[in-house]
1. Which of the following residues is touching a helix residue (DSSP H, G or I) at 6+ places or on another chain (Cβ under 9 Å), outside any loop (DSSP other than H, G, I, E, B) and modelled with pLDDT under 85: Arg279, Arg292, Arg260?
2. Do we find a residue being assigned to a helix (DSSP H, G or I), among the charged types (D, E, K, R) and modelled with pLDDT under 90 anywhere in region 195-206?
3. Would you please list the contacts, defined by Cβ atoms under 7 Å and residues six or more apart or on different chains, that run from a residue in region 19-31 that is crowded, with 16+ Cβ neighbours inside 10 Å to a residue that is of a type in the set (Phe, Trp, Tyr)?
Amino acid sequence: MSDRGKKIVSTLRWDIIRLIVVLFAAFLMAANIQSFVNTGGLYPGGATGLTIIIQRVFSKFFGLKIPYSPINIALNAIPIYIGFRFIGKKFTIFSMIMVLANGFFVDMIHPHVLTHDPLLIAVFGGIINATAITMCLEVDATSGGTDFISIFLSQKKGVDAFPYILAGNVVILTIAGILFGWDKALYSMIFQYVSTQALHVLYRTYQQRTLFIITDKPEEVCDAIYKNSGHGATLIDGEGSFAHKNKKIVYSIVSASDTRKLIPLIKEIDEGAFVNSIRTEEIMGNFYMRPRD
């Protein structure tokens, strides 16, 4: 088989894996909505939370039961346009599949009460929500809604979207508290906090780490960093305080997810290398992010 043929097969295999993962994530998120969110009366953030509020407004004040799918799809129309226009077409298509499949599963699955304890509902519901979102992100898709806006602002505009997303969620919870009671709104804050923290642990692509590497093979280490992460490095002259030998320090900032393979690779190149990995809070200037397909 030619190299082109192998590439096509590899791409097709990856797309099939992506589709399976996205569909499973859609089912998991829908089951979470019906087993924890709806039975606990909670309000997630983003388009999902706004969809549920609209459903409950129509049910409480107008006596109408509106399906989840049409509302959620309508709320995702602008974010999906942003995805197609600015982020990546295939990325957006798989995200659309997630939105459509999730809506279908939510309307199909009947609510099922696992526990009546509101704190357990908030905590475990938040963990499951973060797991479903992470599964999508790991195969280059999103659960829709504010995820598109967040990626667009962070990748294309270099803007930290978190304050804006947080402000939107505060508005959603305020509306929910006024209309349906503050106890559920407060438990929803716990749900969102747990979900955010779990997502931070599970998905690390948008986190950065600063690497300081003291090595006798600086060129090989720099080459490994570039080939495996797409990031460059800076060489700094150093001197050991004990033996007073000249040393090279390799300085680089990479995505946190890249450190899992980079650090073992650096140790293979130079067994005596000293690697200091530091969490990076903020960077200014150009920082390479792999483009979405």
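1. Arg279 is the lone residue from the list that is touching a helix residue (DSSP H, G or I) at 6+ places or on another chain (Cβ under 9 Å), outside any loop (DSSP other than H, G, I, E, B) and modelled with pLDDT under 85.
2. Looking for residues that are assigned to a helix (DSSP H, G or I), among the charged types (D, E, K, R) and modelled with pLDDT under 90, one finds none in region 195-206, hence no.
3. If the second residue must be of a type in the set (Phe, Trp, Tyr), the pairs left are Val22/Phe94; Ala26/Phe105; Phe27/Phe105; Ala30/Phe105.
The values are calculated or read from the model by the stated rules, or taken from the named source; none is laboratory data. Remember, predicted model here, so these are calculated numbers, not experimental data. Here Cβ is always computed from backbone atoms with ideal geometry, including for glycine, and neighbour counts include all displayed protein chains.
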